[in-house]
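A.B. asks: Pasting a structure here, questions to come.
The values are calculated or read from the model by the stated rules, or taken from the named source; none is laboratory data. Keep in mind it's a predicted model, so treat the numbers as computed, not measured. Here Cβ is always computed from backbone atoms with ideal geometry, including for glycine, and neighbour counts include all displayed protein chains. We work out accessible area using only protein heavy atoms, side chains counted, and drop any ligands, DNA or RNA first. Shrake-Rupley method; radii C 1.70, N 1.55, O 1.52, S 1.80 Å.
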Amino acid sequence: MVNNFLELIRTRRSYRNYKAEQISDEQLNAVLEAGTYAPTSRGLQSPFIVAVQNDALKARLAKMNAEVMGVTTNPYYDAPTYVLVFVPEDAPNGIQDASLVLENMMLAAHALGLGSCWIHREREMFATEEGKELMKQWELPEGLVGIGALALGYPNGEPSPAKPRKEGYTRIIK
């Protein structure tokens with residue numbers, strides 16, 4: 001098991017090209033559950049996870065993200081599912097907690113044969129009136145900030161090989 005897990009970590013890649021086919025509910029639920037088992041500061045489970053598969057809403061989110069980025073392309077790479085992660089703005093280690101949630105979900109996606117890519121700019125998107133209105137529609141508590149998102153779906157193509165690890169990446173002090 002340990003070797004399989006380490007191999008999973010070594011072979012996970014960010015995908016930027018997805019098949020149009022939607023992932024199954026079972027796959028989505030498994031990825032989301034993996035996120036809920038990420039460690040969080042003091043065990044508070046402060047993050048909130050929102051999965052979006054509605055095409056009109058995905059288009060709206062892509063437009064919001066693209067505006068922040070200053071582009072017209074889809075920053076979510078036309079993935080069939082977007083997974084957004086939020087935390088309370090006063091969470092003691094919200095960025096770290098949400099980052100762990102995202103990483104758990106990325107590893108789970110890879111284990112299930114799905115591709116994922118971490119997407120940024122959710123903080124800026126959901127600081128807008130439009131973003132706050134969406135969070136209200138989704139019945140999320142007030143005072144949340146966006147931390148990141150995943151583009152999620154079936155990969156369309158092979159991943160690029162891992163870059164060599166940099167020299168001196170780690171230190172062991174005894």
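A.B. asks: Which pairs have Cβ atoms under 6 Å, sit 6 or more apart or on different chains, and link a residue in region 131-145 that is over 15 Å from Val68 (Cβ atoms) to one that is part of a helix (DSSP H, G or I) and of a type in the set (Phe, Trp, Tyr)?
C.D. replies: Pairs that qualify, where the first residue is over 15 Å from Val68 (Cβ atoms) and the partner is part of a helix (DSSP H, G or I) and of a type in the set (Phe, Trp, Tyr): there are none.
A.B. asks: For Tyr37, work out the one condition from (1) touching a residue at least 24 places away in the same chain (Cβ under 8 Å); (2) open to solvent by less than 50 Å² (accessible area, probe 1.4 Å); (3) closer than 17 Å to His110 by Cβ it doesn't fulfil.
C.D. replies: Of the numbered conditions (1) touching a residue at least 24 places away in the same chain (Cβ under 8 Å); (2) open to solvent by less than 50 Å² (accessible area, probe 1.4 Å); (3) closer than 17 Å to His110 by Cβ, the odd one out for Tyr37 is (2).
A.B. asks: Cβ-Cβ distance below 9 Å, separation of 6 or more or different chains: which pairs start in region 95-110 with a residue that is buried (at least 19 other Cβ atoms within 10 Å of the Cβ) and end on one that is of a type in the set (D, E, K, R)?
C.D. replies: Pairs that qualify, where the first residue is buried (at least 19 other Cβ atoms within 10 Å of the Cβ) and the partner is of a type in the set (D, E, K, R), are Met106/Arg12; Ala108/Glu33; Ala109/Arg12; His110/Arg12; His110/Arg13.
A.B. asks: Give me the pairs, please: first residue somewhere in region 149-174 and among the polar types (S, T, N, Q), second residue anywhere and assigned to a loop (DSSP other than H, G, I, E, B), beta-carbon distance under 7 Å, and either six or more positions apart or on two chains.
C.D. replies: Asn156/Asn17; Asn156/Lys19; Ser160/Arg13
A.B. asks: I would also like to ask the following. Taking into account only those residues within region 1-30 that are in a helix (DSSP H, G or I) and among the hydrophobic types (A, V, I, L, M, F, W, C), which is least open to solvent (accessible area, probe 1.4 Å)? Show your work before the answer.
C.D. replies: Initially, region 1-30 is screened for residues in a helix (DSSP H, G or I), giving 2-11, 25-30.
After this cut, where a residue has to be among the hydrophobic types (A, V, I, L, M, F, W, C) as well, the list is 2, 5-6, 8-9, 28, 30.
Working: Val2: 102, Phe5: 92, Leu6: 69, Leu8: 35, Ile9: 77, Leu28: 18, Ala30: 37 Å².
The selected residue is Leu28.
A.B. asks: Give me a count of the residues in region 132-167 that are open to solvent by 10 Å² or more (accessible area, probe 1.4 Å) and part of a strand (DSSP E or B).
C.D. replies: Step one: list which residues in region 132-167 are open to solvent by 10 Å² or more (accessible area, probe 1.4 Å), which gives 132-133, 135-145, 147, 154-167.
Filter once more, keeping what is part of a strand (DSSP E or B): 144-145, 147, 155.
Total satisfying the criteria: 4.
Listed here are the residues, each with its yes/no results for (1) closer than 30 Å to Leu8 by Cα; (2) outside any helix (DSSP H, G or I).
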position: Leu102; (1), (2): yes, no
position: Met106; (1), (2): yes, no
position: Arg123; (1), (2): yes, no
position: Ala127; (1), (2): no, yes
position: Glu130; (1), (2): no, no
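A.B. asks: Restricting attention to region 44-83, and to residues there that are among the β-branched types (Val, Ile, Thr) and in a loop (DSSP other than H, G, I, E, B), which single residue is least open to solvent (accessible area, probe 1.4 Å)?
C.D. replies: Looking at the filtered set, the residue picked out is Val71.
A.B. asks: Is it true that Ile173 is open to solvent by 60 Å² or more (accessible area, probe 1.4 Å) and either within 18 Å of Thr81 (Cβ to Cβ) or of a type in the set (A, V, I, L, M, F, W, C) (or both)?
C.D. replies: In short, yes.
A.B. asks: Also: Does Ala34 satisfy the criteria of being in contact with a helix residue (DSSP H, G or I) (Cβ under 7 Å, 6 or more places away or on another chain), under 28 Å from Gly143 (Cβ atoms) and assigned to a loop (DSSP other than H, G, I, E, B)?
C.D. replies: Working: in contact with a helix residue (DSSP H, G or I) (Cβ under 7 Å, 6 or more places away or on another chain): yes; under 28 Å from Gly143 (Cβ atoms): yes; assigned to a loop (DSSP other than H, G, I, E, B): no.
Against the criterion (in contact with a helix residue (DSSP H, G or I) (Cβ under 7 Å, 6 or more places away or on another chain), under 28 Å from Gly143 (Cβ atoms) and assigned to a loop (DSSP other than H, G, I, E, B)), Ala34 does not qualify.
A.B. asks: So, one more: From Glu26, Glu21, Glu67, which residue is closer than 24 Å to Pro159 by Cα, without any contact (Cβ under 8 Å) to a residue 40 or more places away in the chain and out of contact with any strand residue (DSSP E or B) (no Cβ under 7 Å at 6 or more places or on another chain)?
C.D. replies: Values: Glu21 fails: without any contact (Cβ under 8 Å) to a residue 40 or more places away in the chain; Glu67 fails: closer than 24 Å to Pro159 by Cα.
Only one candidate qualifies: Glu26.
A.B. asks: Now, a different point. If you go through region 117-130 one residue at a time, how many are free of Cβ contacts under 8 Å to residues at least 40 places away in the same chain and of a type in the set (Lys, Arg)?
C.D. replies: Residues that pass the stated criteria total 1.
A.B. asks: In region 113-163, which residues are out of contact with any Asp or Glu (no Cβ under 9 Å at 6 or more places or on another chain), under 19 Å from Gly35 (Cα atoms) and of a type in the set (A, V, I, L, M, F, W, C)?
C.D. replies: Passing the criteria: Leu114, Cys117, Ile119, Trp138, Leu140, Leu150, Leu152.
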